[in-house]
Amino acid sequence: MSVVIRPAPEAAPPRWRPAAPPTARFALRRVGQALLVVVATFVLAFLLLHALPGDAIVARYASPELGLTPEQLEALRVAYGADQPWWVQLGLSAGGFLTGDLGTSLQSGAEVSTLIAASLPPTLALAGLGFALAAVLAVGIAAAATFAGTEWLRRAFRSLPPLFVSIPVFWIGIVLLQVVSFRLGLIPVINASPAEALVLPVVTIAIPIAAPLAQVLIRAIDDTLAEPFVIVARARGAGPAWLLGREVARNALLPTLTIAGVLFGELIAGAVVTETVFARSGLGRLTADAVATRDIPVLQAVVVISAVAFVVINLAVDLLAPAIDPRLRKEVRA
Amino acid sequence: MSAVTSLLLPRRDEPAARPKPRATLVVSIAVLAIALAWAFLPWLFTSQDPLAGVAADALQAPSAAHPFGNDATGRDLLARVIFGAGNSLSGAAIAVLVGLLAGTAVGVLAGSIGGLVEEGLMRVVDVLLAIPGLLLALSVIVLLGFGVTNAAIAVGVTSIAVFARLSRSQVVRVRRSDYVEAAFGSGGTFLAVLGRHVLPNSLGAVLALAALQFGSAILQISTLGFLGYGAPPPTPEWGLLIAESRDYVASAWWLTTLPGVVVAAVVLAANRIAAAIREATA
Amino acid sequence: MTEPLLRIDGLAVSYRTRHGRGLHGRRTAVEGVSLELGRGEVLALVGESGSGKTTIGQSIIGLLPEGGRVDAGSIELRLAGRPVDLAQLPPRAVRELRGRRIALVSQDPGTSLNPVQTIGASVAAPLRIHAGASAGLGGRDRIRRRVVELLDRVGLDDPERRAGQYPHELSGGMRQRALIAAAIALEPELIIADEPTSALDVTVQRRILDLLDELRAELGSSVLLITHDLAVAAERADRIAVLRGGALEEAGATRAVLQQPASAYTRELLADAPALADLAPRPARAPAAPLVEVAGLVHEYGRGADAFRAVDAVTFGIERGTTHALVGESGSGKTTIGRAVAALHAPTAGAIRIGGRDVVADRRDRGIRRLVQLVSQNPYASLDPRRTIAQTIGEPLRNWRPEEGGLRGTGPGGRAELARRVATALDQVALPADVAGRLPRELSGGQRQRVAIARALIIEPEVVVLDEAVSALDVTVQSQILDLLEALQRDLGLTYLFITHDLAVVRRIADTTTVLRRGEAVETGSAEQVLTAPQHDYTRALLEAVSAPEWLRAAQPDRATAPGPSVRTAQPVRTAQPVRTAQEVA
């Protein structure tokens, strides 16, 4: 046997647990990534919306019925800075966004920041209430889908989320209007109080949010219930209330939080549609009008602000996650 | 918008203890088949003209002669829904193709090459995801102009990121598997392993997503049509049909209700078929 | 004997099968099993995967998985004289007993603790659940004190601090201790321990079993010990019940059953039990230059201050035609070394040579693949689920041109040759020819591992790295695969690097061995030398962990003469059986 036999080397004791990155470094890295995405989104939105044949000014004012002369058009272009090369415009636009100057609406000539500030409150009310209702609905559906008395009932609740995402949102709004206001006459169409006027839009916007939320919740609860530690808890004599409250809730929260960003996108889409259906003013309506009139500065501002909000929401979720799941707390321990 | 739909896909490890009922799949296939037949051969299903109405029939409630009733200019609503299928479904098909081709290309490239290419491509995907789907679609529409095809492309663009993410994660999952390591270990070249193992095992989920996106695209195109950025009137398109009927919600319930039911049925059917594809390929 | 604590009579359990929904879509898991467990006694349920041993445990505690139900029989638990039939009791009443009268210690401590709950909260759970009306304002403090007391009792150091920690901050052994603390919190009469140590490192296993023994004696509880390991059962149980395919093979006092087994199956289990294996006689050979040389191998994961040294200056050599075993527990770096030898990654430092060829430098050269092949642990993951067995085994041939020993680019003419060589390869690993057209999911775990071996051998490598290649398999199957590997080595002159955590397996097939701990080689030498005269404490600890009582060793029938289903040939192909993963071995 010629196996090389040698004593174990007396090297330095091995580092058993690799040093984990401290939370602060993780947070910094994550914030950096988020900033990068915001900058890239800004550039993309700018390029996308300025890649129009000709440019925004021509697109907006060149139609014959406005009857502007080429000289007038050129003057407008200079006034809006559209005669500059695209990268100068990008720089100017970026500088403006950083200082809160979002440009001027081509349609109304008003400051975009003023327009957005004016339309934000009603949309926030709509989206906030809608989201709250959606959360309540989703938790209700998920709980019923998991713990309802009979198999038949559980299946019925399980089929709700796929059903909800298959129905056009605008149609939900119209049908609600038709049934609640016109058939049943519960909420007046004209001269409704501000609170009354909110009811149907809030329900309309809540449904497409509740569906994915409920779906993810049901799935997360299913996953957690299948975990061995739940079996162990049952072996200790735990009943449904204990299981749901102590074992499942927190474990199911994290996967649910991770779709917060996606839901935000749904809220924006919901606001555009809902405000159009119910003829409400707000950010969604502003956006829809901007598209209809090709009002590029307004659309660009809405896109960039939404992207920033999306990134901030996801960042918050990532930074919040360690508070929910201790396994994510990678701190250097003394 | 489209990111939401992918949540509906069953996962590979979905417990099979609760198989979905077969009957719903049969019904779903039937619904989709009818919708496709409407799209390709609309005149087989109705003798009515979708564009020209009979003034005397204006706002007639559903009857034997006009099962879906008539609209404000006396056009047969069922005929409009049937002829609208072509616009809505072809739009959805275009949208899915755009998302599937571009997204899968990005995802497979990122997942199989890895390194800086992956890093760069996935940051682009992050950017696409950061813009809410409807806003991205609207931006593309402003760029391309209104119309059914442009709306379809816009919807397709919004799903690129979802396809890219899913196909990348599938490729990465398969790449990490022991059998791919064994394939490389037995002397397989990159392309051989990609073709023999990685793609066949990754694409099932992507196809299921495509079916799901088909349903979702129908919804989104109808939304764009409803907002007025899709087909111009009087083209029959499902979203536009509902939009045009809004003024009559108080008097003619069928004008909005029935086209909406058709849209929901087709979307539900597509989603059910997507789930079946996922189960079969898992 | 006084009345037993538990009496199972004619128990039958079935599961709803995947496709059927009617009454007929049920698969029987347990049939006509009758058992008794006396007070203060340990009864071992022994069997391989699919034997129904776990199902019996689940029926007792009333936690059969969805779709499972007790079809017939009774499960009588006699608490204070009057027996109750657990199979008939309403769910709410069973729940009252769980945790209080019947406790469960489950298999995998890694997943059995709620990851977002502190250890203290987990241990307090049974106390809180069953606190009832007695939980007043002072209850909170009382429970806390009791938790710390329990953690201390199960041997966790600094119990106050442990109570505030989360599961991921504790090692596997510590977690299992915490789970045991929770199980005994209310001093149950019956403890069901379902493979309580299978997921733990071997040196930890013994200590956990000792703890269970101690606590049982202290509390006077009875233990139902579910295990696949005959040696563990022999050492710990008063009585033993051998199960196979859901039916009871035999039961009785441990020594009586194991020394004079009435059933052929028990004899086969005994013959195949790795812990009982004698040191295999290896052919003597003249010393030669090693074929595989590993020198000063270092592997670090991560970089800079975060770097973690998984392998630290490991050196060994393997002669042609011999088997070298790398032995160690999880985290010992054995797999890292194996993958480096198989040219799958580059070490941080050190040299690896096979037949003089520099494996580290040439690892990107495809040619190295014909020299060394890897067979990995999990036969369920190493085969492409969409490709037939013939495609899988033939794939390496399609990667190489004829002059390289393959059939690449040989066109239709090569197809017949490919089929012929696949058939030869199947025959070589003792698989029936009709397996060729099947998919992996239609094969059992042992058969899949044979396919993986055939794939590795078809391009005729000189060295095969076997990474825990038999660890996921039942003992009888494990024994068959080890026999196959030995035969192939004899016939083909193969050189093996055999990676395992199990010294018992080393005893059976290795010529030389290296014992690893935390990336360092603590001992290297001939298998005989290391196993009979270990120099290092760690090797001794590993050896002790796989030791079996002397009387049991003496009782072991000779493997060659062991009766039962022909051990040397492959099992019949299973088809209808739903696929189970290796982790389900229960």
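The values are calculated or read from the model by the stated rules, or taken from the named source; none is laboratory data. Quick caveat, the model's predicted, so the values are computed rather than measured. All Cβ positions, even for glycine, are placed from backbone atoms using ideal geometry, and neighbour counts span all protein chains on display. Areas reflect the complete protein model, heavy atoms only, side chains present, ligands, DNA and RNA absent. Shrake-Rupley method; radii C 1.70, N 1.55, O 1.52, S 1.80 Å.
What to note about this one:
- Of B:Met122, C:Met174, the order by accessible heavy-atom surface (1.4 Å probe, DNA, RNA and ligands excluded), from most exposed downward, is C:Met174, B:Met122.
- Accessible heavy-atom area order of B:Leu227, B:Leu109, A:Leu120, B:Leu212, highest first, probe of 1.4 Å: B:Leu109, A:Leu120, B:Leu227, B:Leu212
- Exposure rank, largest accessible area first [C:Arg320, C:Arg206; 1.4 Å]: C:Arg320, C:Arg206
- Rounded, prolate or oblate (a/c below 1.5 giving rounded, otherwise prolate when a/b exceeds b/c) for region C:290-585 by Cα gyration tensor: oblate
- Under a 5 Å amide H cut-off, with hydrogens placed 1.01 Å from N, C:Val42 pairs with C:Val223, C:Asp238, C:Arg239 among residues at least 5 apart or on other chains.
- Amide H contacts of C:Glu249: C:Val242, C:Leu243, C:Arg244, each under 5 Å away and 5 or more positions distant or on a separate chain (H built 1.01 Å from N in the peptide plane; Pro and chain starts excluded).
- Taking every C-alpha pair closer than 8 Å and separated by at least 6 residues, the mean separation divided by the residue count of region C:284-406 gives a relative contact order of 22 percent.
- B:Asp247 accessible area, assembled protein chains, probe 1.4 Å, Å²: 130 Å²
- A:His50 accessible area, 1.4 Å probe, all protein chains in place, Å² to nearest 10: 70 Å²
- Scaling the Cα radius of gyration of region C:317-396 by the globular reference 2.2 N^0.38 Å produces a ratio of 1.25.
- Helix B:199-227 axis, angle to chain B major axis (alpha carbon atoms, nearest 10°): 30 degrees
- Other residues lying with their Cβ under 10 Å from the Cβ of C:Ala87 contribute a combined charge of -3, Lys and Arg counting +1, Asp and Glu -1.
- Measuring nothing but protein heavy atoms, the accessible surface of region A:108-327 at 1.4 Å probe radius is 72 percent carbon and sulfur.
- Take every Cα pair under 8 Å whose residues are at least 6 apart in sequence, average their separation, divide by the length of chain B, and the relative contact order is 27 percent.
- Largest first and in whole Å, the equivalent-ellipsoid semi-axes of chain C read 44, 29, 23, each the square root of five times a Cα gyration tensor eigenvalue.
- Ratio of the Cα radius of gyration of region C:118-186 to 2.2 N^0.38 Å, where N counts its residues: 1.04
- Relative contact order for chain A: 26 percent, from Cα pairs under 8 Å spaced at least 6 residues apart, divided by residue count.
- Region C:13-98: GluC sites (Glu not before Pro) in DSSP loop, at most 13 other beta carbons within 10 Å: C:Glu66
- Taking every DSSP bridge with both residues inside the protein assembly as shown, close to 55 percent are antiparallel.
- Heavy-atom accessible surface that A and B bury in contact, both chains counted, 1.4 Å, Å² to 100: 4600 Å²
- 3J(HN,Hα) along region C:106-120: 9, 5, 10, x, x, 10, 8, 10, 5, x, 9, 10, 5, 4, x Hz, from the Karplus curve 6.51 cos²θ - 1.76 cosθ + 1.60 with θ = phi - 60°, whole Hz, x for Gly and Pro.
- Value of Rg to Rh for region B:233-282 (Rh from inverse mean 1/r over Cα pairs, i.e. Kirkwood): 1.23
- With all protein chains modelled, accessible area of A:Thr123 [1.4 Å, Å²]: 10 Å²
- When the accessible areas of C alone and B alone are added and the area of the pair subtracted, with a 1.4 Å probe, the result is around 2000 Å², both sides summed.
- Comparing the full protein assembly with the isolated chain, the residues of region A:155-198 losing at least 40 square angstrom of accessible surface (1.4 Å probe) are A:Arg155, A:Val165, A:Ser166, A:Pro168, A:Phe170, A:Trp171, A:Ile174, A:Gln178, A:Phe182, A:Arg183.
- Helix runs (DSSP H) in chain A reaching 20 Å along axis by Cα, Kyte-Doolittle at least 0.5: A:23-50, A:112-147, A:194-225, A:260-277, A:296-324
- Chain C contacts chain A over a buried accessible area of about 4100 Å², both sides summed; the probe is 1.4 Å and only protein chains count.
- Using alpha carbons only, the radius of gyration of region A:108-327 set against its Kirkwood radius gives Rg/Rh = 1.05.
- Backbone amide hydrogens, once placed in the peptide plane, bring C:Ala72 within less than 5 Å of C:Ala12, excluding anything fewer than 5 places away on its chain.
- With both labels modelled 7 Å from their Cα along Cα-to-Cβ, the B:Ala192 to C:Glu417 distance reads 1.5 nm.
- Measuring r between the beta carbons of C:Ala262 and C:Leu79 and using R0 = 30 Å, the FRET efficiency lands at 0.35.
- For the protein assembly as shown, Kirkwood radius (reciprocal of mean inverse C-alpha pair distance, Å): 34.3 Å
- Note on A:Leu36 and C:Arg364: their simple-model spin labels are 2.5 nm apart, each label 7 Å out from Cα toward Cβ.
- Per-residue ellipticity at 222 nm computed for chain A from its helices equals -22000 deg cm²/dmol, with DSSP H segments shorter than 4 residues left out and the rest contributing -39,500 (n - 2.57).
- Calculated FRET efficiency for the pair A:Ala316/C:Asp152, C-beta based, R₀ 51 Å, to 0.05: 0.80
- Residue-averaged 222 nm ellipticity for chain B, from DSSP H runs of 4+ at -39500 (n - 2.57), nearest 500: -23000 deg cm²/dmol
- With the convex hull of its Cα atoms as the shape, chain B has an orientation-averaged projected area of 17.1 nm².
- Between A:Ile324 and B:Val261, the simple spin-label model (points 7 angstrom out along Cα→Cβ) gives 4.0 nm.
- If a spin label sat at a point 7 angstrom from the Cα of B:Trp43 along the line to its beta carbon, the backbone N atoms of region B:52-78 nearer than 18 Å would be those of B:52-53, B:76.
- Nonpolar atom fraction for chain C, defined as the carbon and sulfur part of the 1.4 Å probe accessible area, stands at 48 percent.
- FRET E, pair C:Glu403, B:Ile113, Förster distance 45 Å, beta-carbon r, rounded to 0.05: 0.90
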